[in-house]
Amino acid sequence: MTDTAHGAAEAAHSGTVRRLASLVRKESLQILRDPSSILIAFVLPAVLLFLFGYGVSLDIQRTRVGLAVEVQTPLTQDLAASFQASRYFDVSTGRDRRAFEEDLVLGRIRGIIVIPATFTSDFAAHTKPTVQVIVDGSEPNTANFVQNYTQGVVANWAALRSAETMAQQPAIIPEPRYWFNAELESRNFLVPGSIAIVMALVGTLLTSLVVAREWERGTMEAIMATPVTAAELVAGKILPYFVLGLVSMTLCVAVAVFLFGVPFRGSLLALYALSASFLVPALGQGLLISAATKNQFLASQVALLSAFMPAFLLSGFLFEINSMPTVIQWITIIVPARYLIPSLQTVFLAGDIWPMFLEAIAVMLAMGAIMFLLAARSTRKRIA
């Protein structure tokens, strides 16, 4: 009796392995035969990386401004030369600020810097001279950049003048040091973050489309008529796209490092552990969407709204989570990309910080387990 039970268990296990291998092989061949899968897995990530790497930048350089020097003196000309030599400004000079007002209104320039007529006399009298900055407040970020960069140029100029005249230096001189991204290049954290956006889109969208396509074509009913269980069906659908997602991620990392020059200071172990953990909820979400919609068009729309948009807007990729309203901050907790993006940026720029990584991996795997449980229930062995 024991031998019989043992033999039955071995036969059942062998049958499971054969069915799973057949499903994986079928799905892999489907990927190779389907141009849309290759397009989504490889072409779309390349396009998005190029857009984020070249088209999106938070670095404000060569900002167009108007510089009005009301009285030409050696002192004001020296200060004007400091503005013209700055890599942050593209300066047009004039004698009156009114000459630049129309350009500011039309958006041709981002600010007007006025060196007043009293600047030289105030400087000579040791009275604190002023420089006026007029900016377009409809773009607060750019306005703050222009104001802060103007203050920096004036402060550097004043420090050089003090050194030349042997004037008393301030007792404390701050020396800023920037860790991890010394060049302050926004590309160095935008590109790693964009890899997470790409993985969210590829994992969820691709899985939701291919499974929904089978529902539309009626092949899913044929599969359900076989001895395949719901768990085997889910595993057979997911494993090929799990590997495909890792391959797509590897190509993205290669582009980030070798084309965009983003430093990679962490380990491949941390990179693949984080990426594999993130693919679990991404693929589970795609499978759940396909099982719930059973329509390619509807599945694609739901995938974009529920995966791509939250990953882009609610993950901290572009907008600081702590600056969001409290209700939105609570919503970001259920966005898997929130845990991957800072981890990927850390792997690239700082190195391996495993306490941070392990916490993110645990959260993403827990989310993935929930997604797969819901997907398995929705894809149970029955024709709905």
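Read-outs throughout are calculated quantities, based only on the coordinates presented, and are distinct from any laboratory measurement. If you're wondering where the values come from, they're calculated on a predicted model, not measured in any experiment. Here the Cβ is made from the backbone with ideal geometry for all residues, glycine too, and neighbour counts use every protein chain on show.
If R0 equals 35 Å, the separation of the Cβ atoms of L374 and V243 corresponds to a calculated FRET efficiency of about 0.95. Here, P(r) means the percent of Cα pairs in each 10 Å bin from 0 to the largest distance; for segment 63-164 it is 16, 51, 28, 5, 0.
Which residues does the label zone of F264 cover in segment 308-343, counting backbone N under 18 Å from a point 7 Å along Cα→Cβ? Answer for segment 308-343: 341-343.
Could you give the length gained by full extension between R98 and N156, i.e. 0.36 nm per residue of separation minus their alpha carbon distance, to one decimal place?
Details: separation 58, 0.36 × 58 = 20.88 nm, distance 2.72 nm.
Between R98 and N156, full extension yields an extra 18.2 nm.
Taken along the Cα-to-beta-carbon direction at a fixed 7 Å, the label points for E359 and L29 span 4.8 nm.
Put a dot 7 Å past the Cα of V71, heading toward its Cβ, do the same for A125, and the two dots end up 1.0 nm apart. Using the Cβ-Cβ distance between A21 and I321 with R0 set to 25 Å, the FRET efficiency works out to roughly 0.05.
Given +1 at the Cβ of Lys and Arg, -1 at the Cβ of Asp and Glu and no other charges, the dipole of segment 63-164 around its Cα centre is 120 debye to the nearest 20.
Among A155, G137, F100, whose Cα projects farthest towards the positive end of the dipole of segment 63-164, with charges put on the beta-carbon of Lys, Arg (+1) and Asp, Glu (-1)? Highest projection toward the positive end goes to A155. Protection proxy ranking of 338-345, 261-268, by the mean of other Cβ atoms within 10 Å over each peptide's residues and highest first, is 338-345, 261-268. In plain terms, the chain from I333 to A276 could stretch by 18.6 nm, reckoned as 0.36 nm per residue minus the Cα-Cα distance.
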